[in-house]
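Below: one structure, written as structure tokens.
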Amino acid sequence: MERSVEVLATLLEQKPEVVEEAIKTDGELDKLVEQYKKDRHIFSSDELTKKIENANRDYIEKLAADGQQLPSALYNRVKGNAFEKQEKQWAREHEIDTWENIDDLKSQIIAKEIVKSGKAGGDVVVKEMEAKILELKGLVLSEEEKSKKAITETEGKVGKRMINFDINNAIKSVDIDAEGEKLENQREVLDAVFRRDHTFEYRDDKTVVLDKDGKLIVNKVGDPLDVSDVLNDIAPKWVDIKEVSKGGRGDKTTPIKTDGTLKTVSNMNELAEYAKSKNIEIGTAAFYDLMVQVGKENPSFNK
């Protein structure tokens, strides 16, 4: 027994007498183990893989930030891949099988266009080609900008509503030790301080929370924490929380009852359930269309 205690004490970097005492007290040894894991940032194999993936993603996002200078090796590789892809596209469009470099490819394209046009002067053909390319570029960019603007506006509207939806649900999930008017008042206080001390963004169909410094709040492997996790962590500082019985909280959700039509959907919770029954994912364009439609069919719908 003594040898086992010494080995365990060495592993946990504790004195043997501390470990021995912890073994005698129910739950104390678990606390030592959890503290050790927390202090040493111990990860499982899956957690470590996820941590590395998130770190790599964050590094790429930093490199892609406006005004950030890319490392020359990375820049040259990306540039080379982009030019190679463009060359292959031009060659395919003009039915050219082999070429030595970009200048050779350009010469072959011009020669082919001269033959097609039946004109002797290459300069005229080149100028016509350049003018046509500029015209097409202008049309493409114009339509692309319109499309991007429309998508951005739609995503912004959906994002704002989903952020409010997630925050409201998170507020209701906090087990506040109050009832009636006092419960509503404490929920309003919690909502106010939560929004005051944090900012929110809708990324990849999920509401993420940022602290006062604009830093994303994540778990130990770098994944964004759910809104409810962040809120439940700070809630005890502002409101009274009910003590959890040994049986746990249980399921406190109330079944949502509608007649299967949008006319009886009265709030975002019910709309989410309705969308789920129709295999429509929250945050998609189809879900936004439902939000517009339910507003028309049920004027009393509470957003």
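The values are calculated or read from the model by the stated rules, or taken from the named source; none is laboratory data. Since this is a predicted model, take the numbers as computed values, not measurements. Cβ sites come from the backbone with ideal geometry, for glycine too, and all protein chains shown count toward neighbours.
For the reader, a short list of remarks on this structure follows.
- Condition broken by Met162, with the remaining ones in (1) at pLDDT below 90; (2) touching a helix residue (DSSP H, G or I) at 6+ places or on another chain (Cβ under 8 Å); (3) more than 30 Å from Gln89 (Cα to Cα) satisfied: (2)
- Selection status of Lys212, touching a strand residue (DSSP E or B) at 6+ places or on another chain (Cβ under 9 Å) and surrounded by fewer than 11 Cβ atoms within 10 Å (Cβ to Cβ): yes
- Failed item, numbered, when Gly214 is tested on (1) without any contact (Cβ under 8 Å) to a residue 60 or more places away in the chain; (2) closer than 19 Å to Met162 by Cα: (2)
- Residue list for region 14-43, restricted to those being in a loop (DSSP other than H, G, I, E, B) and modelled with pLDDT under 75: His41, Ile42, Phe43
- Considered as a group, the residues in region 159-194 that are farther than 15 Å from Val239 by Cα and not hydrophobic (A, V, I, L, M, F, W, C) include one that is surrounded by the fewest Cβ atoms within 10 Å (Cβ to Cβ), and that residue is Lys160.
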